[in-house]
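Below: the structure, in C-alpha cells.
The values are calculated or read from the model by the stated rules, or taken from the named source; none is laboratory data. Only a predicted model underlies this, so the values are computations on that prediction, with no experimental measurement involved. Glycine gets a Cβ as well: all are built from the backbone with ideal geometry, and neighbour counts include every protein chain shown. Just so you know, the surface numbers come from the protein's heavy atoms only, side chains and all, with ligands and any DNA or RNA stripped out. Shrake-Rupley method; radii C 1.70, N 1.55, O 1.52, S 1.80 Å.
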Amino acid sequence: MSVHGPAPFAPSAPLKLFNSLTRQLEEFQPVHAGEARVYSCGPTVYNYPHIGNMRAYVFADILGRTLSFKGLKLTHVINITDVGHLTDDADDGEDKMEKMARAQAQSIWDIAQHYTQAYWEDVKALNIRQPARWTIATEYVPQMIAFAEKIAARHCYELDSGLYFDVSTVADYGRLARAQTEDGEGRIEAVEGKRNAADFAIWRKTPPGEKRQMEWDSPWGKGAPGWHLECSVMSGEVLGFPFDIHTGGIDHREIHHPNEIAQNQAFCCTNGLDLPANSGARVWMHNNFLVERSGKMSKSSGEFLRLQLLIDKGYSPLAYRLMCLQAHYRSELEFSWEGLSAALTRLKRMLIAVGQLKERAGEGGAQPGPRFTPFLERFDAAVSDDLNTPVALTVFEEVLALKKVDTSEKLAALAAMDAVLGLGLLSLDRKALRLKPKGVEIAETEIEAALEARKAARADKDFARSDALRDDLAAKGVEVMDGDPLGWEWKLV
C-alpha cells in the first residue's frame with residue numbers, strides 16, 4: 001500500500017546530540033549544508049559479532065534514519081577491520097585475525113570473508129540500512145602508508161617493533177576520555193623505548209624471521225598498519241576532514257578514539273580540541289554497554305550471545321532491535337531472556353494492530369492529516385532530543401491506539417515514524433516473528449492443520465481428541481496457547 005502524497009510532515013525540531021568530546025548536548029549543525037557525513041567504527045572480522053557489538057550498529061542506524069528524517073542527505077560509512085586489530089584493544093598482543101587463522105588452520109583472507117559475511121547477515125536481520133560505503137581496511141593500505149609518511153617527521157619515532165606516534169606532539173591528547181587514569185595507563189602496551197606510556201604504533205613491523213599472512217612493504221619495513229591508523233585514513237579518505245559525526249561503542253572512547261583524534265590533529269595540522277572540528281569530526285557519539293549477568297557476552301567464553309543464538313531459540317532479531325530501542329543509547333541495557341520475550345510480545349502487539357489497519361485501509365496514497373500533526377511533532381521532539389527512542393516508541397503506540405480516525409492517514413503517520421524506528425511493521429509478515437527453535441522439525445503447515453482439527457474437535461465437544469492433538473503438538477515442540485490475548489495461538493518451544 002502506498003503512503004506517499006504531496007504534503008508530507010516536515011520535521012522542524014532542532015536536532016540535539018550528545019557530543020562525547022564536549023560532554024554536552026549540542027544542536028547539530030552540518031559541516032556541509034543539507035548533508036550529514038557519518039563514520040561508524042565497524043567490526044574486526046575475526047569472529048562472529050555478539051549482540052552487544054550489534055547494539056552499536058542499531059544505534060548508528062537510528063542516528064542515520066533520524067538524519068534522513070530531518071531531510072539531510074546522509075553519507076554513512078562503516079569500516080571492516082580485517083587487519084591490524086590486536087588481541088587487546090589497548091594496543092597490545094597479537095593480531096586477532098592472524099590468531100584466529102592459525103586456530104582454525106585457514107587462510108586469513110578466508111577468515112575475513114566468512115566473518116564479514118556473517119556480520120552483514122546480522123545487519124540485514126536487524127533491519128539496519130546499508131551504509132553508503134563499506135570500507136575494507138586492506139583495500140586502503142597504500143593510503144595508510146601515505147598518511148603515516150605525512151605525519152612521521154613531526155609526530156612519530158621508529159623503534160625495532162614499528163613506527164610509534166608520540167602523543168605529546170598534539171594538544172589535549174586524551175580529552176575525549178577525560179585523560180588517561182592510572183588504571184587506563186595500565187591497559188596500554190609497555191614497549192621498551194616508548195617516550196610516553198600512551199604512545200601507540202601506527203605501523204607494526206613483522207618481527208625478524210617471521211612472515212605474516214597480511215603484510216606490506218613500507219618505509220619502515222615489512223609489516224601492517226595499526227588499528228587506530230586505519231579508521232583515521234578511511235574516514236578522512238571517504239568523508240573528508242572534518243566530517244560531521246563519528247560513532248562507536250563506549251569502549252572506544254578511552255583509547256581507540258583518542259588515538260584516532262591525535263592522528264587526525266597531526267594530519268590536518270590542527271591545534272587543541274577546544275574547537276571540536278579539530279578532532280576530525282565535529283561530534284563524537286558513543287553507545288553504552290549491553291550488560292548480561294551470566295558472562296556470555298565474552299567471545300573468549302566459547303558459546304557467546306550472538307544473534308543466531310537468539311534465532312535458534314525462536315526469537316526474531318527484530319525483538320532484539322526493539323529491546324535496544326526501549327533503552328536510551330547512552331544508558332546501559334541489561335539483556336535477559338525475559339526482557340527479550342517481553343520485547344517480542346510488544347512487537348507482536350504492534351504488528352497485529354498494523355495488520356488490522358492494513359486490512360481496513362483502501363488503496364491509494366495518503367498523508368497524515370492535521371489530526372496526527374501533534375503526534376508527529378512529539379515524535380520529532382523525542383528523536384531530536386538525542387535520539388530518545390523510548391519516548392518515540394510510546395508516541396508510536398499512542399497513534400496505534402487512536403480510534404475513529406482515517407485509517408489511511410493513520411497508516412501514513414505510523415509509516416513516517418517507523419521509517420526512523422526501523423521495525424518494518426508496515427511490510428512485516430506475521431509469520432516472520434514465529435521462528436522455529438533449533439532442532440524443531442515440524443512444518444508450519446502441519447501445525448496449522450492440527451490446530452484446525454483441534455478447533456473442530458472442541459466445537460464437537462470431543463475434548464479427548466482435542467487434548468490428544470495438543471499433547472501431540474507439545475511432544476513435537478509446539479505449545480498451544482489457549483486463551484492467548486494476542487491470538488497468536490501457538491509458539492515453538
Odd one out for residue 297, checked against (1) touching a Ser or Thr at 6+ places or on another chain (Cβ under 8 Å); (2) under 26 Å from residue 50 (Cα atoms); (3) among the hydrophobic types (A, V, I, L, M, F, W, C)
(1)
Can you tell me which residue in segment 368-381 is nearest to residue 66 (Cα to Cα), limited to those that are open to solvent by 40 Å² or more (accessible area, probe 1.4 Å) and touching a residue at least 40 places away in the same chain (Cβ under 8 Å)?
381
Taking the condition of being of a type in the set (A, V, I, L, M, F, W, C), modelled with pLDDT of 95 or more and open to solvent by less than 10 Å² (accessible area, probe 1.4 Å), how many residues in segment 63-98 meet it?
5
Single unsatisfied condition, residue 384 versus (1) open to solvent by less than 30 Å² (accessible area, probe 1.4 Å); (2) among the polar types (S, T, N, Q); (3) modelled with pLDDT under 95:
(3)
Which one of 461, 403, 431, 410 is at pLDDT below 85 and either of a type in the set (D, E, K, R) or in contact with a strand residue (DSSP E or B) (Cβ under 7 Å, 6 or more places away or on another chain) (or both)?
431
Filtered residues of segment 94-122 (kept if outside any helix (DSSP H, G or I), touching a residue at least 60 places away in the same chain (Cβ under 8 Å) and over 24 Å from the mean Cα position of the chain (by Cα)):
107
Looking at residue 46 and the list (1) closer than 30 Å to residue 223 by Cβ; (2) open to solvent by less than 10 Å² (accessible area, probe 1.4 Å); (3) assigned to a loop (DSSP other than H, G, I, E, B), which single condition is not satisfied?
(2)
Among residues of segment 148-166 being part of a helix (DSSP H, G or I) and over 30 Å from the mean Cα position of the chain (by Cα), the residue farthest from residue 264 (Cα to Cα) is 153
Please enumerate the residues belonging to segment 325-346 that are under 27 Å from residue 479 (Cβ atoms) and either of a type in the set (D, E, K, R) or part of a helix (DSSP H, G or I) (or both).
334, 337, 338, 339, 340, 341, 342, 343, 344, 345, 346
When you look at residue 415, is it at pLDDT 95 or above, assigned to a helix (DSSP H, G or I) and either open to solvent by less than 30 Å² (accessible area, probe 1.4 Å) or more than 19 Å from residue 70 (Cα to Cα) (or both), yes or no?
yes
Which of (1) more than 24 Å from residue 139 (Cα to Cα); (2) open to solvent by 20 Å² or more (accessible area, probe 1.4 Å); (3) not hydrophobic (A, V, I, L, M, F, W, C) is the odd one out, the single condition residue 53 does not satisfy?
(1)
Inside segment 195-206, can you point out the residues that are under 19 Å from residue 88 (Cβ atoms) and touching a residue at least 24 places away in the same chain (Cβ under 8 Å)?
196, 198, 199, 200, 201, 202, 203, 204, 205
For segment 271-296: of the residues being at pLDDT below 95 and either within 26 Å of residue 84 (Cβ to Cβ) or of a type in the set (Lys, Arg) (or both), which is farthest from the chain's Cα centre (by Cα)?
293
Limited to segment 217-249, what total is found for residues that are in contact (Cβ under 8 Å) with a residue 40 or more places away in the chain and touching a strand residue (DSSP E or B) at 6+ places or on another chain (Cβ under 7 Å)?
23
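Of the residues 407, 394, only one is surrounded by fewer than 16 Cβ atoms within 10 Å (Cβ to Cβ), over 27 Å from the mean Cα position of the chain (by Cα) and among the polar types (S, T, N, Q); which?
407
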Those residues of segment 123-141 which are farther than 20 Å from residue 318 by Cβ, assigned to a helix (DSSP H, G or I) and either basic (Lys, Arg) or open to solvent by 30 Å² or more (accessible area, probe 1.4 Å) (or both) amount to 139
Residues that are out of contact with any helix residue (DSSP H, G or I) (no Cβ under 6 Å at 6 or more places or on another chain) and not in a helix (DSSP H, G or I), drawn from segment 347-404:
362, 363, 364, 365, 385, 386, 402, 403, 404
